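Here's the structure, in structure tokens; my notes come after.
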Amino acid sequence: MKLNEQIDALIDRQLRQWPLVRDNYATLERAALRSVSLAHSEVILQHNPERRRSSAARVDAASLAARPCFLCREHQPIEQETVEWGGAYKIQVNPYPIFPLHLTIASLEHTPQRLLPRRIDHMLQLAELLPDWVLFYNGPHCGASAPDHMHFQAGCKGFLPLCDEVLDPALWPDDERIEATGDGFIGMTQRLDRPLFFIRCERRELAGFYLARLQLAMMQASGSGDEPMQNLLCWQDGDYCNVVVFPRRKHRPDCYGEGEGQLLLSPASVDLGGVWACALRRDYDTLTASQLQALYDELCADNATLVRIIDHFYQT
């Protein structure tokens, strides 16, 4: 049975046999949604109280050490089933979804959230094998609620506005392309209201080559030997492999919290992809376009950093 068929069967079983999954996905179908237009892109707000556990997660070293890892088999509910892939990952239904269909793809080992080196190819392979899904990766300091356990996630296609917006050919004239071949390109744009790098290639190997170079350039630009602050989206579109990289400068905004004048928002890949899951009804009801733009501006890399990244990319 092909991997996508195994996952379809897994989802069907979990929806039928695991009450938590059945109830949470049924609740998500009734979730309030509203659209907010920024200057050049669309944002969808989703009222999703179950996301409080992620938005409010404590991810400091002491808190991580004190809690059992919820991605390790011995700490998961007995009802949680998995499909193994590549001898290295287990694919499972996320019981606290944002997407109408939402997967977590976790390492079989309890090992830290890190993308390099071999994980890049794993992500690209999975995107190729799962053409109906968008994979995403949250860096250990950029929204991963389990930064101590390596994992990707995946959501059904057609949900994130950015995945369609970024494919507009008008965004990618020659001067927005950092490097190009007959098989694809890597470019950078700020014309979708937040800065992003975009890789679009016919060959998975070329996409991986560009992404590895970009990772190194981002590390050099930050002056750190650690993984750069980042969020990624990855999906297959016909013959093309697509990767969006959002370079970050902050984990959470200054207004983060539950008090008066604060927002319980801990933005990660899905939010940067155009869907903001609001745990609090107050945040869902009151967020404005100007607030969302200010959050993008605060959390994403500034112009000087983008210039340094591109300069270092040319040197790799």
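Values for this structure:
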read-out: Single condition residue 153 does not satisfy, out of (1) part of a strand (DSSP E or B); (2) surrounded by fewer than 19 Cβ atoms within 10 Å (Cβ to Cβ); (3) of a type in the set (S, T, N, Q); value: (2)
read-out: Filter result for the condition that a residue is touching a Leu at 6+ places or on another chain (Cβ under 8 Å), basic (Lys, Arg) and surrounded by 14 or more Cβ atoms within 10 Å (Cβ to Cβ), over 34, 52; value: 52
read-out: Filter result (assigned to a helix (DSSP H, G or I) and at pLDDT 95 or above) within region 171-199; value: 171
read-out: Subset of region 90-121 (residues that are of a type in the set (Phe, Trp, Tyr) and either without any contact (Cβ under 8 Å) to a residue 40 or more places away in the chain or in contact with a Gly (Cβ under 9 Å, 6 or more places away or on another chain) (or both)); value: 99
read-out: Filtered residues of region 264-313 (kept if assigned to a helix (DSSP H, G or I), among the hydrophobic types (A, V, I, L, M, F, W, C) and under 17 Å from residue 31 (Cβ atoms)); value: 270
read-out: Among the candidates 120, 98, residue that is within 30 Å of residue 225 (Cβ to Cβ) and in contact with a helix residue (DSSP H, G or I) (Cβ under 6 Å, 6 or more places away or on another chain); value: 120
read-out: Only listed residue being of a type outside the set (Ser, Thr, Tyr), touching a residue at least 40 places away in the same chain (Cβ under 8 Å), in contact with a helix residue (DSSP H, G or I) (Cβ under 7 Å, 6 or more places away or on another chain) and crowded, with 20+ Cβ neighbours inside 10 Å, chosen from 248, 204, 213, 191; value: 248
read-out: Residue match in region 204-219 (condition: part of a loop (DSSP other than H, G, I, E, B), at negative phi, in contact with a strand residue (DSSP E or B) (Cβ under 8 Å, 6 or more places away or on another chain) and not hydrophobic (A, V, I, L, M, F, W, C)); value: no
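The values are calculated or read from the model by the stated rules, or taken from the named source; none is laboratory data. Owing to the predicted nature of the structure, the values given are computational and were not obtained by experimental measurement. Cβ coordinates were reconstructed from backbone atoms using ideal geometry, including for glycine residues, and neighbour counts include every protein chain displayed.
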